[in-house]
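Before any comments, here is the structure.
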Amino acid sequence: MSQTGQAIFETQVVEVGQEAQDFSAIDMLILFGQEAPDALRSSCYIINVQPVAAPITTALQLKIDDQTFQITAVGDEVQRNLTNLGHIAVSFTGKTTAELPGTLYVAAGHYPSMTVGSTIQIIA
């Protein structure tokens, strides 16, 4: 495996919903592109929608600013939703079976503190 940390996906947080941090209580965060509906916007970290350059697999890592998390499971809808809507949930539970189709599961770790300008990457 390459040690270059090649990004297959990269974006930035452009807005933080008022209740986005509340999901830390269940070790989850929600990303959504700028087209997020008003009913959901307050719960989300709003990101720029960017293309995903390769399939998202458990061989990859999620990097949020300076924190890196191993991907442990990938829901069936993650690739399509992230590419088209910028909308996925990230679960910091380390589960190895994707229970929800739109959720990316990563190794349990310190819940990230994201702000406007935070960088989110999926890297090899």
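The values are calculated or read from the model by the stated rules, or taken from the named source; none is laboratory data. Only a predicted model underlies this, so the values are computations on that prediction, with no experimental measurement involved. No Cβ is skipped: glycine too gets one built from the backbone with ideal geometry, and neighbour counts run over all protein chains shown. Ligands, DNA and RNA are stripped out before the accessible areas are found, and what is left, the full protein with its side chains, is counted by its heavy atoms. Shrake-Rupley method; radii C 1.70, N 1.55, O 1.52, S 1.80 Å.
Annotations
- Exclusive hit being in a helix (DSSP H, G or I), aliphatic (A, V, I, L, M) and open to solvent by 60 Å² or more (accessible area, probe 1.4 Å), set Leu82, Leu40, Leu100: Leu40
- Some residue of the range 66-78 being assigned to a loop (DSSP other than H, G, I, E, B), over 15 Å from Gly102 (Cα atoms), over 12 Å from the mean Cα position of the chain (by Cα) and not aliphatic (A, V, I, L, M): yes
- When residues in the range 103-124 are screened for being open to solvent by less than 40 Å² (accessible area, probe 1.4 Å), within 19 Å of Ala25 (Cβ to Cβ) and among the polar types (S, T, N, Q), 1 of them pass.
- Every residue from the range 55-71 that is open to solvent by 30 Å² or more (accessible area, probe 1.4 Å), farther than 17 Å from Ala20 by Cβ and free of Cβ contacts under 8 Å to residues at least 60 places away in the same chain: Pro55, Thr57, Thr58, Asp66, Thr68, Gln70
- Failed criterion for Ser91 (all others in (1) touching a residue at least 24 places away in the same chain (Cβ under 8 Å); (2) among the small types (Gly, Ala, Ser); (3) open to solvent by 20 Å² or more (accessible area, probe 1.4 Å) hold): (3)
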